[in-house]
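Any read-out appearing in this document is the output of simple, stated calculations on the displayed coordinates, not a laboratory observation. Since the structure is predicted, the reported quantities are computational estimates derived from the model, not experimental observations. Using ideal geometry, Cβ is built from the backbone for each residue, glycine included, and neighbour counts are taken over all protein chains shown.
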Amino acid sequence: MEIIGSNFHCNLAEIHLNQIDPNNYKEQEEAFTAGALSVAALLHHKFLEPRYQYSRELDPIVGVSFTGLFDFFVQAFGVDWLRWWEQGRPATAQGLAFKRQEEEYLSFWKNTVQRVVWEYCDRHNLKRPNRCTTVQPSGTKSLLTGASPGWHPPKAQRFLRRITFRKNDPVALACIDYGYNVIPSQSDKDEQGNLLNDPFDPRVSEWLVEIPVSVLWADLPGADQIDISKFSAIAQMDFYMQVQKFYVTHNTSATIELRENEVEALGTRIYEAIRDDQGYISAALLARFDDLQTFPRLPFEPITKQHYEQLMKEVEMRRQTEDFHAVLSRYDFGELIEAGPAGCDSDKCMMPEQTSM
């Protein structure tokens, strides 16, 4: 949970850092100012429900978030920053310098948000929120600009992203005309439990739209030599704590991916963060799947540069139009209000639900 409370609504905004120049501090300030104003302006809203209005008067809650932080820092610090990650983000002289620079960026953005929100509230006689920054979950939304979600590293420099839609969804149909491949979802199987392959099979209820993705810095010289899937859980925890300590005043949406041999070390690190009151609140833990065949049709499947280029050629060969909006209008007549991707199609949502006895 990123925003903790009871009987409340939170005003959220999100900055896509992968679209911003790390050397342009004015642009960064303007972006976070815009995010701060967009959440602060909504504090004028009066709730008809008394409990929500009472909660707002006690504790107005806003949260300015970001996505694409990892991409931003790769652009800011180059491949040496990636190599430092590969080494586990050790406390070397270079590593400590990187951490100071990370802190400077994060603190600058946090201070900008707090200043703008408080100045706005003072001008309009609104109660100041006592905390203004968060990192909210940002998976599918990040795809809009090709950003790595939230603070997390991407799954790979290039990957196949599979988004779940119901069968014959207007957006999915438009994706087909636009050239993207569609396959049945992980839940569509035959009588023997085998995955179905034909998306138009009458037994199929959900589709996966496959989109080849390349991160912004994929072609940076040397970036291809770094295996992001090998980034340690401790390195992820270290970066997450940088965000929690120097930017976030609510909580940080965090999923730390780990292998079995990392469980004890990560558990110790989390214990230390709680014991020493370092600001840790919570993080989700997710087992890494090195064998993709064990979990076929994952939402994210890392691919090579050659595979990515081949898939993009196939997309272009299948593409029937360059105007996605026009082809979407052909299928969506405004009647299917529930159209769109599934509420959750991350790898976490493929895990069986745990029910309490």
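I'd like the Karplus ³J(HN,Hα) series for segment 147-159: coefficients 6.51, -1.76, 1.60, θ = phi - 60°, whole numbers in Hz, and an x wherever there's a Gly or Pro.
Computed from phi, the couplings for segment 147-159 are 7, 6, x, x, 9, 5, x, x, 5, 5, 4, 9, 8 Hz.
Beta carbons within 10 angstrom, averaged per residue: use that to sort the peptides 223-231, 172-180, highest first.
Result, highest mean Cβ count within 10 Å first: 172-180, 223-231.
Tell me which trypsin sites (Lys or Arg not before Pro) from segment 92-154 have a DSSP coil assignment and no more than 13 other beta carbons within 10 Å of their own.
Lys127
Under 16 Å Cα to Cα from Lys305, which lysines show up? Leave out anything in the same chain fewer than 8 places away.
Lys155, Lys313
Projecting each Cα onto the charge dipole of the chain (Lys/Arg +1, Asp/Glu -1 at the beta carbon, about the Cα centre), which of Ser185, Ile256, Ala172 comes out farthest on the positive side?
Farthest towards the positive end: Ile256.
Rank the residues Lys26, Lys167 as a footprinting-exposure proxy: fewest other Cβ atoms within 10 Å of their Cβ go first.
Fewest to most other Cβ atoms nearby, the residues stand as Lys26, Lys167.
May I ask you to list the residues of segment 235-278 whose amide nitrogen lies under 16 Å from a point 7 Å from Cα along the Cα→beta-carbon direction of Ile4?
244-245, 248-254, 271, 273-278
Taking only the C-alpha atoms, wrap a convex hull around the chain and report its volume per residue in Å³ as a whole number.
Convex hull volume per residue, Cα atoms: 195 Å³.
Going by how many other beta carbons lie within 10 Å of each one, how would you line up Met237, Met312, fewest first?
Exposure proxy ranking, most exposed first: Met312, Met237.
Any lysines with Cα under 21 Å of the Lys245 Cα? List them, leaving off those in the same chain fewer than 8 positions away.
Of all the lysines, those that pass the test against Lys245 - Cα under 21 Å, at least 8 places apart if same chain - are Lys99, Lys110.
Over the chain, what is the percentage of antiparallel beta bridges among all DSSP beta bridges, to the nearest 5?
Within the chain, antiparallel bridges account for around 60 percent of the total.
With r as the distance between the Cβ atoms of Ile274 and Lys127 and R0 = 25 Å, compute the FRET efficiency 1/(1 + (r/R0)^6) and round to 0.05. Write down the numbers at each step before the final one.
Numbers: r = 31 Å, r/R0 = 1.24.
Here the calculated transfer efficiency is 0.20.
At most 12 other C-beta atoms within 10 Å and a DSSP loop state: those are the exposed GluC sites (Glu not before Pro) I care about. Give me the longest piece of the chain that has none.
1-190
How much length, in nm to one decimal, is gained on full extension between His307 and Leu285, taken as 0.36 nm per residue of separation minus their Cα-Cα distance?
Extra length available between His307 and Leu285 comes to 5.0 nm.
For Leu144, Leu208, Leu298, which order do you get if you count the other beta carbons within 10 Å of each Cβ and list the fewest first?
Lowest to highest Cβ neighbour count: Leu144, Leu298, Leu208.
Lysines near Lys167 by alpha-carbon distance under 24 Å, same-chain residues fewer than 8 away left out - which ones?
Lys141, Lys189, Lys348
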